[in-house]
Each structure stands twice: as C-alpha cells, then as structure tokens.
Amino acid sequence: MAFVSGAFAKEAVLGTLNAVFMGGNSLMEATFFAKTAKADTAMLGSAMSAVIAPAEALAFMFATTFNIPCLMALSTTYKESHSLKWTAKVALFYICNALILSCIVYHIASIFM
C-alpha cells in the first residue's frame, strides 16, 4: 500500500505506514492528508522493526526512491508528449525498474544482514 501511495506523493508513504502499523488513522486520511495525520515516529519505528527485516526495509527504500516521482510529474510527461502511450511506457519503466532494483537489493542485502 505504501508503495502505491508513494506515486501520489512521497510524503504519503510515512502516513500510510503509520496507518498500516499503528492503526491510528484511516488509510485514506494517511495517504491523502499526510501532513494532518498523527504519526509518532518512535512508536512507528519500533513497531516496524519488530515485523520488517533490515533487508526488506532497505529494499523498500530503494523501491520508494526509484518509483514514479509523483502523479503530477507523470501528468506533465503527458502534457509535454501528448501521447498516452508514451506516458504509460514511462510509468511502466519507473515501476519495473523500481521493483527489479529493490529485488536485487533485497537479495544482496539478505546475504550481508
């Protein structure tokens, strides 16, 4: 869910993770109103570290970093190219590269961590 909400805005990732792990906010509120959602990062960090391995966390950071910058950047690509086909190719390029890179990072990190 956090990977998908990162396509709307990178700031929404923390709110989504807070909603999933802490249950304090609704998922929609955390995704679209991340600035107003309540997030206790210390409690969130301890809850996530109990469930997520370090290699998984590193792979998620890579997936989030190399995902689509945001939907506004994608819409700008459409406005400049005037092609829905080209915009879809750009979006698939970002998503596939993010997932492939995070998979590689996970497997390499799981050896060392």
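The values are calculated or read from the model by the stated rules, or taken from the named source; none is laboratory data. Quantities reported herein were computed from a predicted structural model and do not represent experimental measurements. Glycine gets a Cβ as well: all are built from the backbone with ideal geometry, and neighbour counts include every protein chain shown.
Things to note:
- Residue within segment 74-89 that is under 16 Å from the mean Cα position of the chain (by Cα), assigned to a helix (DSSP H, G or I), modelled with pLDDT under 90 and surrounded by 14 or more Cβ atoms within 10 Å (Cβ to Cβ) present: yes
- Between Ser110, Ser81, Ser102, Ser49, the distinction of being farther than 18 Å from Ala9 by Cα, free of Cβ contacts under 8 Å to residues at least 12 places away in the same chain and in contact with a helix residue (DSSP H, G or I) (Cβ under 7 Å, 6 or more places away or on another chain) belongs to Ser81 only.
- Within segment 63-95, the set of residues being touching a Ser or Thr at 6+ places or on another chain (Cβ under 7 Å) and more than 15 Å from Ser5 (Cα to Cα) comprises Thr77, Tyr78, Ser81, Thr87, Val90.
So that you can scan it fast, the table gives a plain yes or no per residue for (1) over 16 Å from the mean Cα position of the chain (by Cα); (2) loosely packed, with under 13 Cβ neighbours inside 10 Å; (3) modelled with pLDDT of 75 or more:
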site: Phe21; (1), (2), (3): no, no, no
site: Phe33; (1), (2), (3): no, no, no
site: Asp40; (1), (2), (3): yes, yes, no
site: Met43; (1), (2), (3): yes, no, no
site: Ala57; (1), (2), (3): no, no, yes
site: Phe62; (1), (2), (3): no, no, yes
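- For segment 66-95, the set of residues classified as closer than 23 Å to Ala53 by Cα and not aliphatic (A, V, I, L, M) consists of Phe66, Asn67, listed by residue number.
- Checked against (1) in the same structural domain as Ala9 (by TED's automatic domain parsing); (2) over 22 Å from Val20 (Cα atoms); (3) of a type in the set (A, V, I, L, M), Leu44 passes all but a single condition, namely (2).
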